[in-house]
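Engineer: Please find one structure pasted underneath; my questions will follow.
The values are calculated or read from the model by the stated rules, or taken from the named source; none is laboratory data. Every value quoted in this text rests on a predicted model; they were computed, and no experiment measured them. Note: ideal-geometry Cβ built from the backbone for every residue, glycine included; neighbour counts use all protein chains shown.
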Amino acid sequence: MSEGTRVLVLNAGSSSVKYQLIDMLDGSRQASGLVERIGEPAGRLVHTPPGGQRRESLQAFPDHGAALKAVAGELAADGLDLDSPELAAIGHRVVHGGLRFTEPTLVTDEVLAEIRRLIPVAPLHNPANITGIEVARALRPDLPQVAVFDTAFHTGMPEHAARYAIDRQVADEHRVRRYGFHGTSHQYVSRATARLLGKDPAEVNVIVLHLGNGGSASAVAGGRCVETSMGLTPLEGLVMGTRSGDVDAGVVFHLHRVGGLSVDEIDDLLNRRSGLLGLCGDNDMREILRRSEEGDADARLAFEVYVHRLRKYIGAYYAVLGRVDAIAFTAGVGENAAPVRAAATAGLEALGIAVDPALNSIRSDRARVISPEFLRTGGAPRVTVAVVPTDEELEIARQAFALVRTGA
Ligand code: AMP
């Protein structure tokens, strides 16, 4: 077993690779970066060395193998050679682990074959994740490669939350059920929220709102996920940057039969041209807030649809949990957009939920409480509302390191 303490975290997309090199002695970032437009004539690598100047290189990366070699070159230039015994493992984000993968898993040929078998339920993500694993294995065949699954945290959901109410045989034959995604983030943030409250995760019930370009909510009871908003695919649930979130499945039949759209066109519409983008032409919350300020009606409506859906989920998850100790906002929108946090929680004092405007407007990259110290709730227990920055890469690194160090 390697005595190294560093973990390289890879998040491979269809045409991109994000990476971070983390030292598990103190969780510090040794380097991070991104390769974009893999397979296109003009690719880009942005590399940030430890405490140093960002370096950008523009060149073609014909495939993921070439991209990872270039990353290895950048790391070597900073004295962070991937051949170094300091490297203990490579941790891979894998989007879909189905029902089989409930824990971080050491990659073997058999594990890789199983991840491949899940491609029909994650056609956009798993192929790229597999490619990432394959090129990393080719680069360091001797090193443990650990797959950390976005779905894993949700595999403990009760059956009544995971089942769609459709014919069981059909559902089972095609593995149609609610898997949930962003699990690494929900797990990390729910624990960090417990820490912020000074409590053991086993004692607290948390609603986590992961609001990035993709978005999902989860209800976490005593450290276990009991409900989450994404389903078979990352399309269900909240309004997102370009995804619709919940729609009547009848919309699909209607668009096909009456609108004449093909299944692929509807897939593209709901996944890439809907959500905030579909409602107002922008998927970046910063733009939407700016346009709303200027009185733009489309941007205002997009904001209101987004926030209305969030409030529905807060109410629903309150009922699922019965008792809520904290609501945690996280990811790009959740961590930065104070107006979203204020609007999503407005008027909920009777549920013990409120946000203090002064605390909400403070900008910080630390976990912080934004609910008022005193609140008239009419008897409902007070809910702590918090902003808790997520760190999926650190969580992947931790899980990968724990696995190679202890086998747990
Ligand atoms: P993520 O997927 O977590 O990286 O989140 C990306 C999204 O966060 C962007 O598309 C923006 O909509 C949003 N975002 C980032 N910074 C801000 C900000 N300062 N205010 C509002 N939204 C932001």
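Engineer: So is Ser185 away from the ligand (no atom under 16 Å from the Cβ) and part of a helix (DSSP H, G or I) or not?
Structural biologist: no
Engineer: Test of understanding: among Gly223, Gly237, Gly241, Gly275, which residue is closer than 26 Å to Phe153 by Cβ, in contact with a Pro (Cβ under 7 Å, 6 or more places away or on another chain) and of a type outside the set (S, T, N, Q)?
Structural biologist: Gly223
Engineer: Just checking, how many residues over the range 357-372 are hydrophobic (A, V, I, L, M, F, W, C), away from the ligand (no atom under 16 Å from the Cβ) and free of Cβ contacts under 8 Å to residues at least 24 places away in the same chain?
Structural biologist: Total satisfying the criteria: 2.
Engineer: Continuing with this model, one more query. Looking at (1) in contact with a strand residue (DSSP E or B) (Cβ under 6 Å, 6 or more places away or on another chain); (2) surrounded by 22 or more Cβ atoms within 10 Å (Cβ to Cβ); (3) not polar (S, T, N, Q), which is the one condition that is false for Asp150?
Structural biologist: For Asp150, the failing item is (1).
Residue-wise test of (1) without any contact (Cβ under 8 Å) to a residue 40 or more places away in the chain; (2) in contact with a Phe, Trp or Tyr (Cβ under 8 Å, 6 or more places away or on another chain); (3) under 30 Å from Gln20 (Cβ atoms); (4) of a type outside the set (Ser, Thr, Tyr).
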{"residue": "Arg376", "(1), (2), (3), (4)": "yes, no, no, yes"}
{"residue": "Gly379", "(1), (2), (3), (4)": "yes, no, no, yes"}
{"residue": "Val383", "(1), (2), (3), (4)": "no, no, no, yes"}
{"residue": "Val387", "(1), (2), (3), (4)": "no, yes, yes, yes"}
{"residue": "Glu392", "(1), (2), (3), (4)": "no, yes, yes, yes"}
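Engineer: For the range 258-285, give me each residue that is touching a residue at least 40 places away in the same chain (Cβ under 8 Å) and surrounded by fewer than 17 Cβ atoms within 10 Å (Cβ to Cβ).
Structural biologist: Scanning the range 258-285 gives a single hit, Asp284.
Engineer: Taking the range 192-210 as the search range and keeping residues that are within 16 Å of the ligand (Cβ to nearest atom) and either closer than 21 Å to Ala319 by Cα or at pLDDT below 95 (or both), which one is surrounded by the fewest Cβ atoms within 10 Å (Cβ to Cβ)?
Structural biologist: The first filter runs over the range 192-210 and keeps only residues within 16 Å of the ligand (Cβ to nearest atom), leaving 192, 208-210.
This time we only want the ones that are either closer than 21 Å to Ala319 by Cα or at pLDDT below 95 (or both), so: 208-210.
On the way: Val208: 30, Leu209: 27, His210: 29.
The qualifying residue surrounded by the fewest Cβ atoms within 10 Å (Cβ to Cβ) is Leu209.
Engineer: Between Arg243, Arg290, Arg300, Arg273, which is within 16 Å of the ligand (Cβ to nearest atom), within 22 Å of the chain's Cα centre (by Cα) and farther than 25 Å from Thr151 by Cβ?
Structural biologist: The conditions single out Arg273.
Engineer: Restricting to the range 343-356, and then to whatever is assigned to a helix (DSSP H, G or I) and closer than 24 Å to Gly379 by Cβ, can you tell me which residue is nearest to the ligand (Cβ to nearest atom)?
Structural biologist: Ala344
Engineer: Still on this structure: Where in the range 1-69 are the strands (runs of 3 or more DSSP E), entirely inside, with at least 3 residues that are hydrophobic (A, V, I, L, M, F, W, C)?
Structural biologist: By residue number, 6-12, 17-23, 28-36.
Engineer: Are there any pairs with C-beta distances below 7 angstrom linking a residue in the range 210-238 that is under 19 Å from Ala386 (Cα atoms) to a residue that is within 15 Å of the ligand (Cβ to nearest atom) and aromatic (Phe, Trp, Tyr), with the two at least 6 apart or on different chains, and if so which?
Structural biologist: These pairs meet every condition: Leu211/Phe329; Ser216/Phe181.
Engineer: Among the residues of the range 315-342, count how many are assigned to a helix (DSSP H, G or I) and more than 16 Å from the ligand (Cβ to nearest atom).
Structural biologist: So the answer is 7.
Engineer: To continue, here is another question. Which of the residues spanning the range 49-59 are surrounded by 13 or more Cβ atoms within 10 Å (Cβ to Cβ) and either within 22 Å of the chain's Cα centre (by Cα) or more than 29 Å from Phe401 (Cβ to Cβ) (or both)?
Structural biologist: Matches in the range 49-59: Ser57 only.
Results for (1) more than 27 Å from the chain's Cα centre (by Cα); (2) surrounded by 18 or more Cβ atoms within 10 Å (Cβ to Cβ), shown as yes or no for each residue.
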{"position": "Ala343", "(1), (2)": "no, yes"}
{"position": "Ala346", "(1), (2)": "no, no"}
{"position": "Ala350", "(1), (2)": "yes, no"}
{"position": "Ser361", "(1), (2)": "no, no"}
{"position": "Asp365", "(1), (2)": "no, no"}
{"position": "Ile370", "(1), (2)": "no, yes"}
{"position": "Leu375", "(1), (2)": "yes, no"}
{"position": "Gly379", "(1), (2)": "yes, no"}
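Engineer: Okay, next question. Go through (1) in contact with a helix residue (DSSP H, G or I) (Cβ under 6 Å, 6 or more places away or on another chain); (2) under 18 Å from Arg140 (Cβ atoms); (3) surrounded by 23 or more Cβ atoms within 10 Å (Cβ to Cβ) one by one and return the number of the condition Gly97 breaks.
Structural biologist: Result: Gly97 fails condition (2) only.
Engineer: Still on this structure: Within the range 112-134, how many residues are crowded, with 19+ Cβ neighbours inside 10 Å and not in a loop (DSSP other than H, G, I, E, B)?
Structural biologist: Kept after step one, since they are crowded, with 19+ Cβ neighbours inside 10 Å, are these residues of the range 112-134: 115, 118, 121-122, 125-126, 128-133.
Still in the running and not in a loop (DSSP other than H, G, I, E, B): 115, 121, 126, 128-133.
Adding up the residues that qualify gives 9.
Engineer: Identify the single condition in (1) more than 16 Å from the ligand (Cβ to nearest atom); (2) over 22 Å from the mean Cα position of the chain (by Cα) that Lys312 does not satisfy, given that it satisfies every other one.
Structural biologist: (2)
Engineer: Of Val247, Val176, Val220, Val170, which residue is among the hydrophobic types (A, V, I, L, M, F, W, C) and either part of a strand (DSSP E or B) or surrounded by 20 or more Cβ atoms within 10 Å (Cβ to Cβ) (or both)?
Structural biologist: Being among the hydrophobic types (A, V, I, L, M, F, W, C) and either part of a strand (DSSP E or B) or surrounded by 20 or more Cβ atoms within 10 Å (Cβ to Cβ) (or both) holds for just one of Val247, Val176, Val220, Val170, which is Val220.
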